[in-house]
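Colleague: Got a structure for you, written out below as structure tokens; questions coming shortly.
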Amino acid sequence: MGGSETILLVEDEISVRALTRDILHIHAYTVLEAANGDEAIALCERYEGVIHLMVTDMVMPGMSGRELARHLASSRPKMKVLYVSGYADADIKEGEALEPGSAFLSKPFTSEQLVRELRLLLDQPMP
């Protein structure tokens, strides 16, 4: 249930980022890491290859995951987004629709849940 795609991982908590990175590596994904939105934007500007999907925390200092996704949408329009958060209201209100090509996963999650959500999202055609 792994893949060969490139994943941009944006997570401000070092231990969560390290664990998530390790899970993605085990499942054969190429992982680009950033600790916040500004690092992610700089990384996307430098990285010339395709970034298939971004896994981003919804709640981060400085820039939320949704703000980051909106910012990157113009330069990376085919990049899908998996939002993760441990906060119940995490900037996604009850019944609010996510952008096409995105999904939400609540923390804490298991490695199986993460990999399953990634695969479902990556295998979806972009609208």
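Colleague: Restricting attention to the range 93-127, report how many residues are closer than 21 Å to VAL16 by Cα and modelled with pLDDT under 85.
Modeller: 0
Colleague: Every residue in the range 42-59 that is modelled with pLDDT of 95 or more and buried (at least 17 other Cβ atoms within 10 Å of the Cβ), please. Walk me through how you get there before you give the answer.
Modeller: Kept after step one, since they are modelled with pLDDT of 95 or more, are these residues of the range 42-59: 42-56.
Once the filter is applied, which keeps residues that are modelled with pLDDT of 95 or more and buried (at least 17 other Cβ atoms within 10 Å of the Cβ), the range 42-59 yields CYS44, ILE51, HIS52, LEU53, MET54, VAL55, THR56.
Colleague: Filter the range 1-23 down to the residues that are free of Cβ contacts under 8 Å to residues at least 60 places away in the same chain and outside any loop (DSSP other than H, G, I, E, B) and list them by number.
Modeller: The answer is THR6, LEU9, VAL10, ILE14, SER15, ARG17, ALA18, LEU19, ARG21, ASP22.
Colleague: Return the residue satisfying two criteria in turn: it lies in the range 60-83 and is loosely packed, with under 15 Cβ neighbours inside 10 Å and small (Gly, Ala, Ser), and of such residues it is farthest from LEU98 (Cα to Cα).
Modeller: Applying the filter and picking the extreme gives GLY62.
The values are calculated or read from the model by the stated rules, or taken from the named source; none is laboratory data. Bear in mind that the values here come from a model prediction, so they are computed numbers and not experimental data. Backbone-built Cβ (ideal geometry, glycine too); neighbour counts: all protein chains shown.
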